[in-house]
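Working notes, structure below.
The values are calculated or read from the model by the stated rules, or taken from the named source; none is laboratory data. The structure displayed is predicted, hence computed values, not measured ones. Cβ atoms come from the backbone with ideal geometry, glycine included; neighbour counts cover every protein chain shown.
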């Protein structure tokens, strides 16, 4: 707000000079109030940004893109067009390669242990990938065994096949590797028979240990009262 030029103080009467000073004082007060409001607005905005997650703006942009994509997909369906094909035409090869690298980076090929059945299936798939079939030996064995090679119901295959020494050695080597790996990387803890049993399975036991580690010092007195039977 620019100051308005007025007569000099020498040309003003005492009453006019007082009025001019009061006008300037009100103007300064108005500027101070405006600055306080702007400062308060910035403080509130900064506090809002700090209280939000770090990736809040990125999530908002992602949600807006998804909403826009849904609208474009719906419009393409109404027009009888293939939205995915139309979208891929607008994507450059460089962006497509970058997204593919990012997808491979976030993909975890090892989902971890879920149950023993899934673990056995994963081990079987891993062993199958390591197999290098000898097609010549396969064809020779197939010709020698005849119909017994693909045994049907009631077929007797005992005595038709004999494992080679190389196959037996390969099996023994793989078993020894599994034993070494299990002994080295096993995370199973030694069971303590004297410890209190306050869990229903191994997963619940680990969860209870986490609770004890973080909140044990706050719940120790309550637990002791419950054990003594003196809890209120």
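Of all residues in the stretch 12-27, those satisfying the criterion of being surrounded by 10 or more Cβ atoms within 10 Å (Cβ to Cβ), part of a helix (DSSP H, G or I) and free of Cβ contacts under 8 Å to residues at least 24 places away in the same chain are 16, 17, 18, 19, 20, 21, 22, 23, 24, 25, 26.
Screening 118, 76 for residues that are at negative phi and in contact with a helix residue (DSSP H, G or I) (Cβ under 6 Å, 6 or more places away or on another chain) leaves exactly one candidate, 76.
Only one of the numbered conditions (1) part of a helix (DSSP H, G or I); (2) surrounded by 10 or more Cβ atoms within 10 Å (Cβ to Cβ) is not met by residue 91, and that is (1). Within the bounds of the stretch 153-168, is there any residue that is part of a helix (DSSP H, G or I), surrounded by 10 or more Cβ atoms within 10 Å (Cβ to Cβ) and modelled with pLDDT of 80 or more? Yes.
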